[in-house]
1. If Gly391 meets every condition in (1) within 21 Å of Thr221 (Cβ to Cβ); (2) over 19 Å from the mean Cα position of the chain (by Cα) apart from one, which number is that one?
2. Just to be sure, is Ile136 surrounded by 24 or more Cβ atoms within 10 Å (Cβ to Cβ) and either within 16 Å of ligand 3 (Cβ to nearest atom) or β-branched (Val, Ile, Thr) (or both)?
3. Among the residues in region 236-245, are any within 27 Å of Ala397 (Cα to Cα) and among the hydrophobic types (A, V, I, L, M, F, W, C)?
4. Kindly evaluate Phe247 against the criterion of being assigned by TED's automatic domain parsing to the domain that holds Ser269 and at pLDDT 80 or above.
5. Looking only at region 378-391, which residues are touching a Ser or Thr at 6+ places or on another chain (Cβ under 9 Å) and surrounded by fewer than 17 Cβ atoms within 10 Å (Cβ to Cβ)?
6. Looking at Ala45 and the list (1) away from ligand 1 (no atom under 16 Å from the Cβ); (2) on the phi < 0 side of the Ramachandran plot, which single condition is not satisfied?
7. Any idea which residue in region 125-142 is modelled with the highest pLDDT, counting only those that are over 21 Å from the mean Cα position of the chain (by Cα) and within 16 Å of ligand 2 (Cβ to nearest atom)?
8. Limited to region 40-59, what total is found for residues that are over 17 Å from Thr118 (Cα atoms), away from ligand 3 (no atom under 16 Å from the Cβ) and either in a loop (DSSP other than H, G, I, E, B) or out of contact with any Ser or Thr (no Cβ under 7 Å at 6 or more places or on another chain) (or both)?
Amino acid sequence: MIKFILNNQSVETALPKGTTVLDFVRYHKNLKGTKIGCREGDCGACTILVGELAGEKLKYRTMTSCLMPISNADGKHIVTVEGINRDDGGLTPVQSAMVETSGTQCGFCTVGFVMSLTNFCIDDTPKTNEAAISAIDGNICRCTGYKSIERAALSLCGTAARRNGDAEIHSAIGNEIVPEYFANIKERLSEILNSRFQIANSSNRNPEPGIQNPKFLSGGTDLYVQRPEEMVYADTENLFDSAALRFINETDEFIELGASVVVTDLLESDVFNRLFPNLYKHLKLVSSTPIRNMATLAGNFVNASPIGDMTAWFLALDAEIELSDARSSTRTLPLKDFYLGYKQLAKREDEFISKIRFRKDFTHFNFEKVCKRTYLDIASVNTAISLKMSGDVIEHAHVSAGGVFATPLYLRKTSEFLKGKEISAETIAQANEIIQTEISPIPDVRGSAEYKRLLLRQLFTAHFVELFKANIQ
Ligand SMILES: Cc1cc2nc3c(=O)[nH]c(=O)nc-3n(C[C@H](O)[C@H](O)[C@H](O)COP(=O)(O)OP(=O)(O)OC[C@H]3O[C@@H](n4cnc5c(N)ncnc54)[C@H](O)[C@@H]3O)c2cc1C
Ligand code: FES
Ligand code: FES
């Protein structure tokens, strides 16, 4: 039985666990405020808030309910627009801001924007103008135009900033951003999770993943786009909420991550912000806020899209993955050896990715991505590089490229060639010639093979311009 809090109501459901939260709230709870647009995670009309206990903290993130199975709602607080509306019929500050700046016309997209901005007001992000605009990067409006909606977002920075520390939810209640019942959600979720723990113990259920079903589901952002109908009844094993798969650890040599870490976890990680100074600049090129809140690293690797951004990122870190199975046996594999052919993986059906790790001894890292539009688009070509420099000499290099082969590609020869070289225009030119022998782009709607070759040449050069502006002669 799946149990969670929907707005102010505790709900239990025995519906198929693959039912989307969108269908659940609209068709089973008659909450029609949440809209259906694309059903592919692109438009944001279906955006909801998802509150989850993270240790002692209650944390809210936006998610697209059209791609979210109700199994991923288990033990959480699901908030639709009906759950933030005021009882007296008045408008919340977020709703007022949209009205006052003329941020709405037909209104179809408005609920999605309101939910994204409400989350901005109650989450941990700094209340800067940039963060306010970023909060609505997953919402599309087809009739109002974005300038007035942006003005609404910017006008909320002051209201949202009037709080601090543990009192976040209480200040948001005080500011009438969310209703009073939010004050008790933390305790109510704890009760659900405690009762769950007792049931699990009494029935000897093994809470570890990998036990029964060979088919794995994490955030659902690929599976629900590819096979929406099938997923409703699919007998999948849900890895998204497995605590054993959600961690980021630092050791002397390595960074280790659970496979269900999502892109936003990287953005919020002190360790990642320290190791990757351009983390935000790079990761905001990956999907949108609600999708980054759902998209796991393992899901990106296993989807095996030749243009997977996180795959390119971790290939360039020469990451290793740990594969586990139902018998709890594990083996480790370099990520670069995971891809055998188009969507063919060096993995048995019953194996799931449990852990990812990479050495932290690199000194430079860069990520480049070109899409048809800058944000919320998949890459035409992407590439990443990590280098360990010893003075002016490259001690080791790892280079990846996406969109130029049938699989995500670790550029073996190029990485090898760069070892021991000094950074110079000549080194870059020679490496670019080697790259051209390693790739075999497939022409598609994103460009001809020649265009993708040229793009990778430019992006590879861009790594060095970005990292060593002054040194290239
Ligand atoms: C609107 C939108 C925009 C997007 N933009 C981008 C983008 O800019 N860049 C990009 O790279 N991707 C993008 N994506 C794709 C997607 O978000 C990512 O690939 C995401 O990381 C997939 O993770 P998930 O947890 O949602 O995977 P799921 O959909 O849950 O699973 C994907 C696959 O991985 C398998 N799987 C999941 N977890 C495991 C595991 N631990 N072990 C073994 N197998 C597992 C599943 O069985 C399935 O085959 C976008 C998607 C959407 C909907
Ligand atoms: S309906 Fe478009 S993102 Fe969900
Ligand atoms: S107000 Fe009509 S789509 Fe945004």
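The values are calculated or read from the model by the stated rules, or taken from the named source; none is laboratory data. From a predicted model like this one, the values you see are computed outputs, not experimental measurements. For neighbour counting, all protein chains shown are included, and Cβ atoms are generated from backbone atoms with ideal geometry for every residue, glycine included.
1. Going through the list (1) within 21 Å of Thr221 (Cβ to Cβ); (2) over 19 Å from the mean Cα position of the chain (by Cα), Gly391 breaks only (1).
2. On the way: surrounded by 24 or more Cβ atoms within 10 Å (Cβ to Cβ): yes; either within 16 Å of ligand 3 (Cβ to nearest atom) or β-branched (Val, Ile, Thr) (or both): yes.
Here the answer is yes, as Ile136 does meet what is asked.
3. Checked against the condition, which is being within 27 Å of Ala397 (Cα to Cα) and among the hydrophobic types (A, V, I, L, M, F, W, C), region 236-245 yields no hits at all.
4. In short, yes.
5. Passing the criteria: Lys388, Ser390.
6. Every condition holds for Ala45 apart from (1).
7. Cys141
8. 6
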